[in-house]
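A.B. asks: Provided herewith is a single structure, encoded as C-alpha cells, for subsequent inquiry.
The numbers here are math on the coordinates, done by the rules we state, and not lab data. Keep in mind that this is a model prediction, so the values were computed, not measured. Neighbour counts are summed over all protein chains in view; Cβ atoms, including those assigned to glycine, are modelled from backbone coordinates with ideal geometry.
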C-alpha cells in the first residue's frame, strides 16, 4: 500500500473501529466509507461493493478532474456572458446618449421652426395691416378733400344768402342752383375696410389643440399608438419598417439669428492678441502690455466677447482651422472670475460658464466642472453656437459636417451671456456671417 497518501494508515491511526488494530485498506462504495479488509466479509459492510483505497482515490480524482474541467468551461461561459452584458450596457448608454443628442437637435429645430412660423405669421399680419392702413389713408384723404370742398361751397352760399342786392342774389343763385341740387344728394357712405386676423389665430389655436391633445397622453401610450405615423406621408407602410424622420438641421434656420461677436480688449489675457477687426484671437509667445483692470484674465488664456446677450435667439460661428491641439469655446456670465487660475475662473468649471473643449483627439462638454464626453466623427474646422436665452438652450454644431449636433446645454440663464474662448495655441476667428 502506498505510503503518505491521503488514505495511508499510519501506525496507531486510521484503524477500523469495528476490528481494532486493522488498518483501513478498502473503500465501501455503497456506504462511502473507508473500511478494513474484514468489514466486507464479517462486519456491517458484508456484501457491499468495495475496492482498494488507491483505486478509489484514482477514481475520485478523475471525477474531480472532470468536475474542474466543467467548472472551467462554465467560468469561461460566464465570463463571456459578463462581457456580453458589459458590452450591452455600453451599447445601451451610447445609444441613449446618441438619441438624447438627436432629440435635443430635433427639439431645437422645432423651436426654430416655430419661431420661423411666428415670424411668417407676424409678417403676414403686418403686410395685410399695411394694405388696410394704406386704403384707410386714401379714404381719409378723400374725406378731407370733400370736407374742404363742402366748407368752401357752404361759405359761397352764405355769402350769396347775405347779399342785400336782390338782383345779384338771384343771379348768383341761378349760377349755383345746379351745384346746390347736386350737393343735396347724399354721397355713398364709406365704411372702413373690414379686416380681421381671427382666422389666423384660430388656425394656430386649432394646431395647438391638436398638439396638446396628443401631448397630454403619456409618452408610452403615444409610442404604442404611433400617433405621428399618420403625419408622415412619405413613410413606407411595410410591416416592421422603422419610420425615419430624422433630417439634418438646416443652417439657414440658424442664420436668421446670425451674429458676429467681437472680442473685448478689457478682458483678454496678455498672452493673447486681437486682430484689427477684433474677430480673431491668437496666442502670442511674448507678453502684451495691456492696461491692468478688474475685468482682465491674468492667469488663464481666456477672453470674453464685447457683445452680450440678455434675451432672444443668437447664432455665431467660430473658425478653428488654426486653433491647434487644445481649445475651449462657449459662453460665460460677466461674474466669472478673472484673477488666478482657480475653478471660479476656468471656462466650464463653474456655474457661470459653459463650453465645448478639445484636447488632442478628445472632446468634452463642460459646465460646473462636470465633464461629458462627446463623440466627434470628423474634427470640426468650424463650429456653430446657438443660444436661445428664454428657452435656456445653448447648442453646438459641427458646421463642417453638415450641422451635425455635438451637444446641448439646458439651463435657466439669469445674467447677460457673453461668447467666450480659451486657447492653448494657434488662433480662433469669429466668422463674419451674412
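A.B. asks: What is the spin-label model distance, in nm, from residue 311 to residue 391 if the labels are put 7 Å beyond Cα along the C-beta direction?
C.D. replies: 1.8
A.B. asks: Let a ≥ b ≥ c be the square roots of the eigenvalues of the Cα gyration tensor of the range 327-428; is it rounded (a/c under 1.5), or, if not, prolate (a/b larger than b/c) or oblate?
C.D. replies: oblate
A.B. asks: Compute the length gained on full extension between residue 66 and residue 321: take 0.36 nm times their separation in residues and subtract their Cα-Cα distance, giving the result in nm to one decimal.
C.D. replies: Numbers: separation 255, 0.36 × 255 = 91.80 nm, distance 6.42 nm.
Answer, rounded to one decimal: 85.4 nm.
A.B. asks: What nm distance separates the two modelled labels at residue 216 and residue 376, each placed 7 Å from Cα along Cα→Cβ?
C.D. replies: About 4.6 nm, to one decimal.
A.B. asks: I'd like the distance between the alpha-carbon centres of the range 16-71 and the range 307-321, rounded to an integer number of Å.
C.D. replies: Here the two parts' Cα centres lie 87 Å apart.
A.B. asks: Starting from the Cα gyration tensor of the range 303-372, take the square roots of the eigenvalues, sort them a ≥ b ≥ c, and report rounded, prolate or oblate (rounded when a/c is under 1.5, otherwise prolate if a/b is larger than b/c, else oblate).
C.D. replies: oblate
A.B. asks: In a GNM of the chain with a 10 Å cut-off on Cα contacts, which of 198, 29, 370 has the highest mean-square fluctuation?
C.D. replies: In the Gaussian network model the winner is 29.
A.B. asks: Based on DSSP H runs of at least 4 residues, each adding -39500 (n - 2.57), what is the mean residue ellipticity at 222 nm of the chain after dividing by all its residues, to the nearest 500 deg cm²/dmol?
C.D. replies: Roughly -13500 deg cm²/dmol at 222 nm, from the helical runs in the chain.
A.B. asks: Enumerate the residues in the range 283-312 having an amide nitrogen under 20 Å from the point lying 7 Å beyond the Cα of residue 414 toward its Cβ.
C.D. replies: The answer is 309-312.
A.B. asks: Please report the relative contact order for the chain, taking Cα pairs under 8 Å with a sequence separation of at least 6, and give it as a percent rounded to a whole number.
C.D. replies: Details: 588 pairs, mean separation 53.4, N = 434.
After rounding, I find 12 percent.
A.B. asks: Please give the per residue volume of the convex hull enclosing the alpha carbon atoms of the chain, rounded to a whole number of Å³.
C.D. replies: Dividing the Cα hull volume of the chain by its residue count gives 372 Å³.
A.B. asks: Which length gain, in nm to one decimal place, applies between residue 110 and residue 251 when the Cα-Cα distance is subtracted from 0.36 nm times their residue separation?
C.D. replies: Gain on stretching residue 110 to residue 251: 49.4 nm.
A.B. asks: Relative contact order of the range 253-430: what whole-number percent is it, with Cα pairs under 8 angstrom and at least 6 residues apart?
C.D. replies: On the way: 445 pairs, mean separation 50.2, N = 178.
After rounding, I find 28 percent.
A.B. asks: Could I ask something else about it? With a ≥ b ≥ c taken as the square roots of the eigenvalues of the C-alpha gyration tensor of the range 253-430, please select rounded if a/c is under 1.5 and otherwise prolate if a/b is larger than b/c or oblate if it is not?
C.D. replies: It is rounded, given that a/c, with a ≥ b ≥ c, falls under 1.5.
A.B. asks: Here's a follow-up. Taking a quarter of the surface of the Cα convex hull of the range 374-434, what do you get in nm²?
C.D. replies: Answer in nm², one decimal: 5.5.
A.B. asks: Could you pull the Rg and Dmax for the range 28-107, using just the Cα atoms, both in Å?
C.D. replies: 28.7, 91
A.B. asks: If each of residue 117 and residue 89 carries a label point 7 Å out from its Cα toward its Cβ, how far apart are those two points in nm?
C.D. replies: Label at residue 117, label at residue 89, 4.3 nm between them.
A.B. asks: Something else now. What FRET efficiency, computed as 1/(1 + (r/R0)^6) with R0 = 56 Å and r the Cβ-Cβ distance, is obtained for residue 368 and residue 199, rounded to the nearest 0.05? Spell out each step's value before the answer.
C.D. replies: Values: r = 48 Å, r/R0 = 0.86.
The formula returns an efficiency of 0.70 here.
A.B. asks: Which of 56, 404, 352 ends up with the largest GNM mean-square fluctuation for the chain, with Cα atoms connected below 10 Å?
C.D. replies: Comparing 56, 404, 352 in a Gaussian network model of the chain, the most mobile one is 56.
A.B. asks: Where the centroid of each part is defined by its Cα atoms, how far is the range 106-170 from the range 372-394 in Å?
C.D. replies: 51
A.B. asks: Report the paramagnetic label zone for residue 132: residues of the range 199-222 whose backbone N is under 14 Å from a point 7 Å from Cα along the Cα-to-Cβ axis.
C.D. replies: Residues passing the 14 Å test: 199-202.
A.B. asks: Please give the helix 166-184 orientation as an angle from the longest Cα principal axis of the chain, in degrees from 0 to 90, rounded to the nearest 10.
C.D. replies: 20
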